[in-house]
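Below: one structure, written as structure tokens.
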Amino acid sequence: MARNNDPEHSRLDDAARAGWLYYVADNSQDEIARKLGVSRQVAQRLVSLAVSRQLIKVRLDHPVAACMALGQKLQATFGLQYCNVVPSDPESRSTTLGTAQAAADCLEHVLRSPTPMVIALGTGRSVRAAVTQLPKMDCPQHKIISLMGNIAADGSASFFDVISGIADRINAPHFPLPVPVFVSSPEEKDAILTLRSVQNIYALAARAAFTMVGIGNIGDDAPLLLDGFIDRNEMRVLVNAGAVGEIGGRAFSASGVFLEGLTNERVVGAPVRRDGARVIGVAMGVNKRRSILGALRGQLVNGLITDEATATALLDMA
């Protein structure tokens with residue numbers, strides 16, 4: 001057969017050979033360069049050309065591939081800036097397995113930025129678990145603030161406060177919110193909000209470039225109820241009012257709208273910034289699906305870290 005002298009055809013032929021050598025025969029780019037008689041830079045360009053012209057198609061045969069596809073679908077469906085879906089373990093009852101490690105990786109990446117920023121953290125099991133996964137770091141350029149009070153209903157330190165935990169791991173100025181999560185009345189809240197220390201944290205929260213929060217569920221197994229922050233009657237009122245989830249103690253509806261009055265008027269924590277700055281929600285599990293969906297619908301978060309089973313359910317419910 002006569003050789004095709006078309007330069008474009010010859011280039012694609014070389015690209016196909018380079019692509020086969022790299023993706024099928026598992027050759028390094030140096031080996032490809034030697035076998036094709038070209039420089040390493042040319043070999044690299046030929047491999048890239050093989051992919052861009054679809055001469056060779058790459059398929060990732062690994063559970064992570066399915067997770068990445070789910071993450072892309074969630075981003076497209078809900079307009080998210082960021083989404084990380086981790087594999088699920090169907091036999092585990094953990095509410096943080098995999099997501100805690102992924103959240104820690106995300107937070108570590110932010111903390112390693114040399115650009116000074118305010119980083120705001122919510123509370124709860126998911127965020128606390130993520131903080132325990134952080135390595136020892138030196139980050140004096142950042143300010144770390146707590147969005148929620150660190151005092152439980154009985155006056156004790158809240159077990160799920162994360163600021164004290166992160167203070168042990170990174171060298172950065174940190175600002176706890178030394179007030180109860182809930183107070184007894186709106187009048188008490190108004191009095192607390194006059195404190196200069198609280199006003200300072202509210203001002204910092206409004207400047208937060210990065211926020212990470214847990215997304216809590218509402219119902220008989222809600223953390224707010226189980227941890228004693230609100231009583232069973234208050235939880236029943238929230239359910240009857242249409243609450244499906246909470247962020248920072250503030251209950252919201254299935255459409256992602258924060259409820260007026262009720263227990264929300266007694267939450268002292270600083271509001272989450274909602275002007276496009278990064279706000280990552282961390283949550284997984286059957287009992288949190290409606291909560292996460294409401295948060296996504298209301299754009300209360302613009303990033304999500306969850307597991308494969310939850311991500312699949314969210315797309316089915318959307």
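The values are calculated or read from the model by the stated rules, or taken from the named source; none is laboratory data. On a predicted model such as this, the values are computed, not experimentally measured, just so you know. Virtual Cβ from ideal backbone geometry, glycine too; neighbours counted across all protein chains shown.
Condition first: out of contact with any Cys (no Cβ under 8 Å at 6 or more places or on another chain), buried (at least 18 other Cβ atoms within 10 Å of the Cβ) and part of a strand (DSSP E or B). Can you find one or more residues in the stretch 153-164 that meet it?
First, the residues of the stretch 153-164 that are out of contact with any Cys (no Cβ under 8 Å at 6 or more places or on another chain): 153-164.
Then drop every residue that is not buried (at least 18 other Cβ atoms within 10 Å of the Cβ), which leaves 158, 160-163.
Then drop every residue that is not part of a strand (DSSP E or B), which leaves none.
The answer is no, given that none of the residues of the stretch 153-164 is out of contact with any Cys (no Cβ under 8 Å at 6 or more places or on another chain), buried (at least 18 other Cβ atoms within 10 Å of the Cβ) and part of a strand (DSSP E or B).
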Problem set entry | Count - residues of the stretch 298-318 that are assigned to a strand (DSSP E or B) and either surrounded by fewer than 21 Cβ atoms within 10 Å (Cβ to Cβ) or within 9 Å of the chain's Cα centre (by Cα) (or both) | 4
Exercise. If you scan the stretch 88-131, which residues turn out to be modelled with pLDDT of 90 or more, over 25 Å from TYR202 (Cα atoms) and crowded, with 23+ Cβ neighbours inside 10 Å?
Worked result: THR99, ALA100
For this session: For the stretch 210-224, indicate whether the set of residues that are under 30 Å from LEU111 (Cβ atoms), out of contact with any Cys (no Cβ under 7 Å at 6 or more places or on another chain), of a type outside the set (Gly, Ala, Ser) and surrounded by fewer than 21 Cβ atoms within 10 Å (Cβ to Cβ) is non-empty.
Result: yes
Seminar exercise, completed: So, first residue in the same structural domain as THR96 (by TED's automatic domain parsing) in the stretch 115-131, second residue in a strand (DSSP E or B) and charged (D, E, K, R), Cβ within less than 8 Å, six or more apart or across chains; the pairs are PRO116/LYS143; MET117/LYS143; VAL118/LYS143; ILE119/LYS143
For this session: Mind counting the residues in the stretch 222-244 that are without any contact (Cβ under 8 Å) to a residue 24 or more places away in the chain and under 27 Å from the mean Cα position of the chain (by Cα)?
Result: 5
Exercise. So LEU46 clears everything in (1) more than 25 Å from SER146 (Cβ to Cβ); (2) at pLDDT 95 or above; (3) crowded, with 20+ Cβ neighbours inside 10 Å except one condition, right? Which one?
Worked result: (2)
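Kindly indicate the residue of the stretch 219-278 that is of a type in the set (Ser, Thr, Tyr) and under 30 Å from ASN200 (Cα atoms) and also modelled with the lowest pLDDT among those meeting that condition. Write out each step before concluding.
Going residue by residue through the stretch 219-278, those that are of a type in the set (Ser, Thr, Tyr) are 253, 255, 263.
Next, only the ones that are under 30 Å from ASN200 (Cα atoms) stay: 253, 263.
On the way: SER253: 98, THR263: 95.
My answer is THR263.
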Problem set entry | Residues located in the stretch 132-148, provided they are crowded, with 18+ Cβ neighbours inside 10 Å and within 21 Å of ILE201 (Cβ to Cβ) | CYS139, HIS142, LYS143, ILE144, ILE145, SER146, LEU147, MET148
Exercise. Looking at (1) under 28 Å from ILE292 (Cα atoms); (2) outside any strand (DSSP E or B); (3) touching a Leu at 6+ places or on another chain (Cβ under 8 Å); (4) not charged (D, E, K, R), can you tell me which one ALA129 breaks?
Worked result: (3)
Problem set entry | Qualifying residues in the stretch 170-203 (those that are touching a Gly at 6+ places or on another chain (Cβ under 8 Å) and not β-branched (Val, Ile, Thr)) - the one farthest from VAL118 (Cα to Cα) | PHE182
For this session: Just need a number here: residues in the stretch 273-288 that are more than 18 Å from VAL244 (Cα to Cα) and assigned to a loop (DSSP other than H, G, I, E, B).
Result: 5
For this session: Only one of these is under 24 Å from ALA120 (Cα atoms), aliphatic (A, V, I, L, M) and more than 19 Å from the chain's Cα centre (by Cα): VAL267, VAL213. Name it.
Result: VAL267
